[in-house]
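This report concerns only the one structure given below.
The values are calculated or read from the model by the stated rules, or taken from the named source; none is laboratory data. All values reported here derive from a predicted model rather than from experimental measurement. Here the Cβ is made from the backbone with ideal geometry for all residues, glycine too, and neighbour counts use every protein chain on show.
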Amino acid sequence: MAIRFGVLSTFPPTQCGLATFSSALATHLVGAGADVSVVRVVDSLQPPVPLVSHQLVTGKPDEARDAAAALNACDVALVQHEYGIFGGPDGADVLDVLARVRVPVITVLHTVLADPTAHQHEVLARVVAASSVTVTMTEAGRQRLIAGWGVDPESVTVIAHGARDNRVQDESVTAPRTAPTVLTWGLLGEGKGIEWALEALAGLSDLRPRPTYRIVGQTHPKVLERSGEAYRHRLERLVDRLGLGAVVQFDDRYLDVPTLQRIVAAADVVLLPYDSPDQVTSGVLTEAVVAGKPVVSTAFPHAVELLSGGAGILVPRRDPAAIGAGLRRVLTEPGLAGSMSAASRGLAPGLSWTAVAGQYLGLGAELLHARTRSAA
């Protein structure tokens, strides 16, 4: 009999990394033979969408009972955890749901903070305590959880962030290029470090042809609510001040998969100039590696773990000179881009959504088997 997963998460058409992750994982779980029922976390009731069986409206703690009932109708609850998506201080309302769940719980941590507040620490500790098993997407996240929260190592497992294959098989669909292209993509907001990337690009003005820098992605919906397009406008002013108008392109669309595939395929190097030293998970990084693209990235934990084997160059954060030097190496050093792509291809099979969904399916089966054994 197929395992039925109850997924608690944001979900498309919501535009955020967690929703994208949950949609891809749900699709591939179904493809692997599982059933999936989604409890979608929303700010207000939304029109029905496929796979969604219930909506949990944030800010209404009394809805926890119905959300838990929907999860209890499944075999295994699969909870996607990020502080910002659930109601209450630091997303504490999720605890009311978890307290009512009676089936095994797999909680996937998308953030494990290096320096949480006391309340953030308490919330995550209680989330982990309410879970049968906790998943981090990197070993760095696992070690941080064990050291910072005193979690039993046996209860924490690592399953990589999955990625779709952004390689375009028919290279004729990509536009002919006259200059190398540097690409950063994903939802835009403070902390992405684009300002440092722009200053780095200004230091590459001697290269011929000059590299083009594409910044692709709309502003994060939560950022739009809070501060509108202030960050994007600040970047646009910086482009003008640095005289980069001819070589920097902003694309503020939220792209469908085929369009993004073409854009990634056309890039010579992916740049991740993120500010945060804490980031233990990056879906964009995973997709860049699976696409076989050389990566220049600041040394956040996920990048250190994934790129240290040769798939990318790690640079200090907020350091335009170092970022520029990394880009210069990839764009000018003979054979380097090819060797980085080869290293990426070696990592790709274990990062595919098919492989990742298979691991979640296996984990769910283990939990159900253990539950049956203990009940016997």
Inset, instruction - Quickly run through region 89-131 and pick out the residues that are in contact with a Ser or Thr (Cβ under 8 Å, 6 or more places away or on another chain), closer than 24 Å to Arg65 by Cβ and not aliphatic (A, V, I, L, M). - result: Asp90, Asp93, Pro104, Thr107, Ser131
Inset, instruction - Filter region 56-73 down to the residues that are within 16 Å of Val101 (Cα to Cα) and of a type outside the set (A, V, I, L, M), then identify the one that is surrounded by the most Cβ atoms within 10 Å (Cβ to Cβ). - result: Glu63
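Whether any residue in region 97-117 is within 16 Å of Val42 (Cα to Cα), surrounded by 18 or more Cβ atoms within 10 Å (Cβ to Cβ) and in contact (Cβ under 8 Å) with a residue 24 or more places away in the chain is what I want to check. Spell out how you get there, then give the answer.
At the first step, the residues of region 97-117 found to be within 16 Å of Val42 (Cα to Cα) are 97.
Within this subset, residues satisfying the condition of being surrounded by 18 or more Cβ atoms within 10 Å (Cβ to Cβ) are 97.
Those still in the list that are in contact (Cβ under 8 Å) with a residue 24 or more places away in the chain too: 97.
Yes, region 97-117 has at least one match.
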Inset, instruction - Report yes if Val290 is of a type in the set (A, V, I, L, M) and under 18 Å from Gly309 (Cα atoms), otherwise no. - result: yes
Legend entry - Test result for Gly217, more than 17 Å from the chain's Cα centre (by Cα), on the phi > 0 side of the Ramachandran plot and without any contact (Cβ under 8 Å) to a residue 60 or more places away in the chain: no
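Between Thr20, Thr58, Thr107, which is at pLDDT 95 or above and closer than 29 Å to Ala163 by Cβ? Break it down into steps so the answer makes sense when it comes.
Values: Thr20 fails: at pLDDT 95 or above; Thr58 fails: at pLDDT 95 or above.
Within the list Thr20, Thr58, Thr107, the selection yields Thr107.
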Inset, instruction - Look at Gln46 and say whether it is touching a residue at least 60 places away in the same chain (Cβ under 8 Å) and not in a helix (DSSP H, G or I). - result: no
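Taking into account only those residues within region 319-361 that are of a type outside the set (A, V, I, L, M, F, W, C) and crowded, with 20+ Cβ neighbours inside 10 Å, which is farthest from the chain's Cα centre (by Cα)?
Pass one, region 319-361, residues of a type outside the set (A, V, I, L, M, F, W, C): 319-320, 324, 326, 328-329, 332-335, 338-339, 341, 344-346, 349-350, 352, 354, 358-360.
Now narrow it down to the ones that are crowded, with 20+ Cβ neighbours inside 10 Å: 324, 326, 344, 360.
Values: Gly324: 25, Gly326: 23, Ser344: 18, Tyr360: 17 Å.
For region 319-361, the residue satisfying everything is Gly324.
For region 298-318, name all the residues that are in contact with a Pro (Cβ under 9 Å, 6 or more places away or on another chain) and more than 12 Å from Ser276 (Cβ to Cβ).
Residues of region 298-318 that are in contact with a Pro (Cβ under 9 Å, 6 or more places away or on another chain), as a first pass: 298-301, 311-313, 315, 317-318.
Correct list: Ala311, Gly312, Ile313, Val315.
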Inset, instruction - Would you check if Leu183 is assigned by TED's automatic domain parsing to the domain that holds Thr111, modelled with pLDDT of 95 or more and either under 23 Å from the mean Cα position of the chain (by Cα) or assigned to a strand (DSSP E or B) (or both)? - result: no
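Taking region 118-159, which residues are touching a residue at least 60 places away in the same chain (Cβ under 8 Å), assigned to a loop (DSSP other than H, G, I, E, B) and surrounded by 21 or more Cβ atoms within 10 Å (Cβ to Cβ)? Even if it seems obvious, please write down each step before you answer.
So in region 118-159, the residues touching a residue at least 60 places away in the same chain (Cβ under 8 Å) come out as 132-133, 135-141, 144, 157, 159.
Imposing the further condition that a residue be assigned to a loop (DSSP other than H, G, I, E, B) reduces the set to 132, 137-138, 159.
Scanning region 118-159 gives Met137, Thr138.
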Inset, instruction - Determine which single condition Gly84 fails, assuming it passes every other condition in (1) surrounded by 18 or more Cβ atoms within 10 Å (Cβ to Cβ); (2) assigned to a helix (DSSP H, G or I); (3) of a type outside the set (Asp, Glu); (4) under 20 Å from the mean Cα position of the chain (by Cα). - result: (1)
